[in-house]
């Protein structure tokens, strides 16, 4: 699977931890020449709009899987899911998550890595979406 990542970052999550996480993973994506584009969530509810816009505008291409990647806390992930669900899809776009909040309860509850580099490696090494 070749993936393209459409990233939403909440830099304010976890009192600025979201920004630190992004500053950690962005150079790795660039170094590995991973195709990505990103947008910064600027206010409460903005992630909902950004996620819905991504779903509406992503052009599907053969052999390429678009993935919406959320960097932030549990609230950011919740907003992204709400935005994605607002747009009807026959073939849903997968969502990935790199915790960048203060508590990261969702990630810890699922046993996900909370270290940004390990979490990114888990995302990049995932070969197929999981329900």
Complete set of residues in the range 85-111 that are surrounded by 17 or more Cβ atoms within 10 Å (Cβ to Cβ) and more than 12 Å from the chain's Cα centre (by Cα):
101, 104, 107
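Can you find even one residue in the range 78-86 that is in contact (Cβ under 8 Å) with a residue 60 or more places away in the chain and over 16 Å from residue 4 (Cβ atoms)?
Yes - at least one qualifying residue is present in the range 78-86.
Taking the range 45-62 only, how many residues are in a loop (DSSP other than H, G, I, E, B) and either touching a helix residue (DSSP H, G or I) at 6+ places or on another chain (Cβ under 8 Å) or under 17 Å from residue 11 (Cβ atoms) (or both)?
Residues that pass the stated criteria total 1.
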Does residue 2 satisfy being under 24 Å from residue 102 (Cα atoms) and touching a strand residue (DSSP E or B) at 6+ places or on another chain (Cβ under 6 Å)?
no
Scan the range 63-77 and give yes if some residue there is touching a helix residue (DSSP H, G or I) at 6+ places or on another chain (Cβ under 8 Å) and without any contact (Cβ under 8 Å) to a residue 40 or more places away in the chain, otherwise no.
yes
Of those in the range 27-36 that are outside any helix (DSSP H, G or I) and either touching a strand residue (DSSP E or B) at 6+ places or on another chain (Cβ under 6 Å) or without any contact (Cβ under 8 Å) to a residue 12 or more places away in the chain (or both), the residue surrounded by the fewest Cβ atoms within 10 Å (Cβ to Cβ) is 33
Matching residues in the range 1-19 (exposed (fewer than 14 other Cβ atoms within 10 Å of the Cβ) and in a helix (DSSP H, G or I)) number 2
Note on the range 71-125: residues assigned to a loop (DSSP other than H, G, I, E, B) and closer than 22 Å to residue 27 by Cα are 73, 100, 101, 112, 113, 114, 115
For the condition on the phi < 0 side of the Ramachandran plot and within 11 Å of the chain's Cα centre (by Cα), what is the one hit in 43, 6?
6
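The numbers here are math on the coordinates, done by the rules we state, and not lab data. Keep in mind that what you see is a predicted model, and the values were worked out from it rather than measured. Cβ: placed from backbone, ideal geometry, glycine included. Neighbour counts: every protein chain shown.
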